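S.K.: This structure is in structure tokens; I'll ask about it shortly.
The values are calculated or read from the model by the stated rules, or taken from the named source; none is laboratory data. Predicted, not measured: the structure shown is a model, and the values here were computed from it. Glycine also receives a Cβ, built like all others from the backbone with ideal geometry; neighbour counts cover every protein chain displayed. Note: accessible area is taken over every heavy atom of the protein model, side chains too, but ligands, DNA and RNA are not part of it. Shrake-Rupley method; radii C 1.70, N 1.55, O 1.52, S 1.80 Å.
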Amino acid sequence: MSNNENDNKTKSKNTSAVPSGRLSRFAKLGSLATGVAGGMLAEGARQIAKGNRPKASEMLLTPGNAKRITDQLAQLRGAAMKVGQIMSMDTGDLLPPEMTDILARLRSDAKSMPLSQLNTVLEAGWGKGWNLKFKQFSFEPVAAASIGQVHSAHTKDGRHLALKVQYPGVRESINSDVDNVATLLRLSGLIPKTLDYKPLLEEAKQQLHAESDYEQEAIWLKRYRKLLADDTDFILPEVYDDLTTANILAMSFVGGSPIESLVSAPQEDRDRAITLLLSLLFREIFEFQLIQTDPNFANYHYDTESKKLILLDFGATREYPTKVADAYHQMMTAGTQRDRDSMSEAADKIGFFEATIKPEQREAVIDMFELACEPLALDGVYDFGASKIAERIKDAGMKLSMEQDYWHTPPADALFLHRKLGGLYLLAARLKAKVNVQALFLNKE
């Protein structure tokens with residue numbers, strides 16, 4: 001077999017057409033449900049033949065069904081895939097580990113569009129003959145995610161671009177995809193019946209609509225460039241309005257290394273990267289009241305020569321009201337002092353407690369807040385690699401849900417902020433970073 005044939009086979013495995021019509025997307029989810037149900041029946045028959053009486057969850061979470069779920073949601077991309085990503089990060093303390101693992105695979109399992117479909121999107125945005133604008137265009141994407149893929153290109157006027165191209169049909173299918181995936185998860189019995197997840201789904205829809213609006217993302221990026229204009233620690237791409245459309249975001253190409261690659265970097269670089277990310281988060285909450293809420297590691301690169309942090313994605317940016325920012329300032333200040341009464345008062349202001357909450361449930365929630373504030377409470381360098389804080393927070397959430405029977409969807413502002421902080425804690429643990437978090441917080445007051 002020739003090298004070209006091998007290359008073509010490899011490419012075909014990494015590309016698949018994105019179903020763009022509502023009916024075709026619904027059919028994909030329908031076939032997924034049918035395939036999963038069939039897999040459950042087959043597994044149930046095998047277990048009964050062995051004399052076992054399997055639970056429904058045990059039949060659902062087989063390797064075959066795991067592959068079905070992951071492959072189908074990855075092929076749909078868009079909201080279907082994004083909901084899987086969100087659920088794996090936001091509700092890891094609610095779902096069984098097997099389901100969390102299935103959904104987590106979606107964070108790194110995106111496939112790119114075939115060239116014919118890519119060309120259709122580019123023609124719709126730039127018109128026929130769009131290629132005449134470019135001296136070079138890399139049809140192989142440098143990155144592929146849930147809503148779009150990124151291409152490198154050089155214009156004839158000398159600009160090196162990073163072009164984020166949206167998958168067709170993603171924006172139009174958000175609401176139906178979110179509802180269909182939620183139905184699939186609910187019917188599986190893996191989401192507790194007592195959990196009111198409808199507010200979360202509505203916020204997920206709003207967030208996804210915002211992320212699929214590339215013209216709005218361009219506005220957020222420009223705003224962050226202004227906010228950080230005097231900060232030499234960060235590099236942000238420049239927006240090129242002449243090539244930006246609703247489905248194509250044109251930016252200057254920025255290099256650097258994926259932040260996860262720092263696992264083998266010197267301790268100084270690992271510490272600096274997390275220091276910059278946490279410092280920026282504190283500025284976002286208390287100074288900007290504007291937070292890029294997506295903790296996906298792919299959103300960050302690091303320039304090992306200049307020691308600067310590169311910020312790449314602003315689709316999930318969210319403005320925060322002053323009262324919420326002030327409540328979190330009270331929460332974190334109380335965390336540095338281990339003042340549980342003040343933390344409880346701040347949690348009330350954020351909207352974390354229902355009127356029917358029991359005293360022991362309230363205490364368990366404050367336990368979680370106190371745990372999350374552990375790095376802030378330490379007067380000195382906090383060792384994320386040794387602390388296992390993200391794992392302990394997850395375990396505490398599972399205990400709260402299972403033992404205290406407290407199922408409560410927090411306000412959207414809290415949910416997205418906690419998602420961002422949890423993602424940074426995970427990254428800090430992966431990089432084994434050591435950071436004086438308390439000093440960073442007090443410096444941003």
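S.K.: Can you pull a Stokes-Einstein diffusion coefficient for the range 312-368 at 10 °C (1.306 mPa s), Rh from Kirkwood over Cα pairs, as a whole number of µm²/s?
M.R.: 127 µm²/s
S.K.: Stretched out fully, how many nm does the piece from R225 to D326 gain, at 0.36 nm a residue minus the Cα gap?
M.R.: Stretched fully, the R225-D326 segment lengthens by 33.9 nm.
S.K.: While we're on this one: On alpha-carbon atoms, Rg over Rh for the range 210-288 using Kirkwood Rh?
M.R.: 1.02
S.K.: Same structure again: Going by accessible area, probe 1.4 Å, with all protein chains left in place, what is the ranking of E374, E172, E354, largest first?
M.R.: The most accessible residue leads, giving E172, E354, E374.
S.K.: Measuring from label point to label point, each 7 Å out along Cα→Cβ, what is the I357 to K135 span in nm?
M.R.: 6.0 nm
S.K.: Using a cut-off of under 13 Å, list every residue of the range 228-257 whose amide N is near the label point 7 Å from the Cα of E305 along the Cα-to-beta-carbon line.
M.R.: Of the residues in the range 228-257, 255-257 have backbone N under 13 Å from the label point off E305.
S.K.: Describe numerically, in nm with one decimal, the distance between label points set 7 Å from Cα along Cα→Cβ at A124 and at D367.
M.R.: Calculated label separation equals 5.1 nm.
S.K.: If packing is taken as the mean number of other Cβ atoms within 10 Å per residue, what is the order of 131-139, 230-238, highest first?
M.R.: 230-238, 131-139
S.K.: Evaluate the distance, in nm, between pseudo-label points positioned 7 Å from the Cα of D242 and of A210 along their respective Cα→Cβ axes.
M.R.: Going from the D242 label point to the A210 one covers 3.2 nm.
S.K.: Here's a follow-up. Starting at the first residue of the range 360-365, write each ³J(HN,Hα) from the Karplus equation 6.51 cos²θ - 1.76 cosθ + 1.60 with θ = phi - 60°, in whole Hz, x for Gly and Pro.
M.R.: Each residue's phi maps through the Karplus curve to give 5, 5, 4, 4, 5, 5 Hz.
S.K.: Determine the gain in length on full extension of the stretch D179-E202; use 0.36 nm per residue of separation and subtract their C-alpha separation, reporting nm with one decimal.
M.R.: Gain on extension, D179 to E202, equals 7.3 nm.
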